[in-house]
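J.: Before I ask anything, here is the structure I am working with.
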Amino acid sequence: MKPRILQLNPILIPAANDQLAALYEVHKYFEIADPEAWLREYGSSIEAVITGGHTGISRPMLEQLPALKVVAVNGVGTDAVDLAYCRTRGLPVTATLGALTEDVADLAIGLLIAACRNLCAGDRFVRDGQWELYPQPSAIPLARRFSGMRVGIVGMGRVGRAVAVRAAAFGCPIRYTDLRAMDDIAHPFVPTLLELAQESDALVLCAAADQAEGIVNAAVLDALGPSGFLVNVARGRLVNEADLAAAVTAGRIAGAGLDVFVDEPRVPRALRQSDAVTLQAHRASATWETRAAMADMVLASVAQALAGERPAMSLTT
Ligand code: 8YV
């Protein structure tokens, strides 16, 4: 009999789904009509869970899966999994470490350029036929230069470092904040987010959200100021969204580029209606190349755990 695995999030790589189906009895939780009844009946036989970084897995669900040998997160964020509880069970929680770094950093820079150069508003202006109606160059306000902007990176992990490399190539002075200064980073460390915001033209959020919620609040946004930009490719809950919406609406910051939100897929109306904000639907890792590499890591983690080995990408065992 094939081991039974539970998938909480779709994997978008057909070859990976074929491999999963060949090796395991795969149950797609998101397609089950009565998931609670299903869990009661089959929970005790599930040996592996595959989930997304944002989706994670709840503690009550983990408690209904006593035979579980691995939680394989198809992503790098593990803030939606109770790692401490998994440690007490000796349960490996794996992530796709390193697989999505480049894509997430690419999108961070893309969002920042889109926000400060008004790319999406410009696109809408042309697409809607407004250019023909208002052909004078004065019809569109001048934008803000990206090259040379003072970039403040919040969270100098893999993604933060990759953002720094890219921003440095645009001649941007870089500073960063994190839980502590890092010996192997030449850029100046700034101990508090508030000071970093004061010293930056753009704040780029690349931090894990395990220990931080609502850290970008009204005070930080006011420190960033009316010519400052915010980019978030990490987790929505790092930002106090009501404070951000108020700051954007009142012009207390210049704009934002956002890939992640507090309550996805719901995005506050004020952000959706603002031309100063460039929005994405949590797409930073969504390329064929990265998702294929992530799926390979997920498959490897499940195979290692079910073979009785410690998965190489385990964060808890
Ligand atoms: C993915 C993410 O979109 O890596 C993460 O933590 O949130 C994202 O890159 C998600 O995990 C895809 O399932």
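The values are calculated or read from the model by the stated rules, or taken from the named source; none is laboratory data. The structure displayed is predicted, hence computed values, not measured ones. When we count neighbours, we look across all protein chains shown, and the Cβ atoms used for this are built from the backbone with ideal geometry, even at glycine.
J.: Looking only at segment 82-94, which residues are within 17 Å of Glu47 (Cα to Cα) and within 16 Å of the ligand (Cβ to nearest atom)?
T.: Hits for segment 82-94 are Val93, Thr94.
J.: Oh, and also: Among (1) within 16 Å of the ligand (Cβ to nearest atom); (2) in a strand (DSSP E or B), there is one condition Thr78 misses while meeting the rest; what is its number?
T.: Unmet for Thr78, out of (1) within 16 Å of the ligand (Cβ to nearest atom); (2) in a strand (DSSP E or B): (2).
J.: Step by step: first the residues of segment 44-66, then only those that are part of a helix (DSSP H, G or I) and surrounded by fewer than 17 Cβ atoms within 10 Å (Cβ to Cβ), then the one that is nearest to the chain's Cα centre (by Cα). Which residue is that?
T.: The extreme case among them is Arg59.
J.: Which condition number does Leu112 fail, the rest of (1) of a type outside the set (S, T, N, Q); (2) over 25 Å from Val159 (Cα atoms); (3) at pLDDT 95 or above being met?
T.: Of (1) of a type outside the set (S, T, N, Q); (2) over 25 Å from Val159 (Cα atoms); (3) at pLDDT 95 or above, only one is false for Leu112: (2).
J.: Then there's this: Within the set of pairs 6+ apart or on separate chains, which have a first residue in segment 17-29 that is part of a helix (DSSP H, G or I), a second that is surrounded by 14 or more Cβ atoms within 10 Å (Cβ to Cβ) and hydroxyl-bearing (Ser, Thr, Tyr), and C-beta atoms under 8 Å apart?
T.: From segment 17-29, no pairs qualify.
J.: For segment 294-317, which positions are within 20 Å of the chain's Cα centre (by Cα) and in a helix (DSSP H, G or I)?
T.: Met294, Ala295, Asp296, Met297, Val298
J.: Next question. Quick check on Ala209: is it closer than 22 Å to Gly110 by Cβ, at pLDDT below 95 and within 16 Å of the ligand (Cβ to nearest atom)?
T.: Criteria met by Ala209.
J.: Given the conditions (1) of a type outside the set (Gly, Ala, Ser); (2) more than 16 Å from the ligand (Cβ to nearest atom); (3) in contact (Cβ under 8 Å) with a residue 60 or more places away in the chain, which single one is not true for Gln64?
T.: Here Gln64 clears every test but (3).
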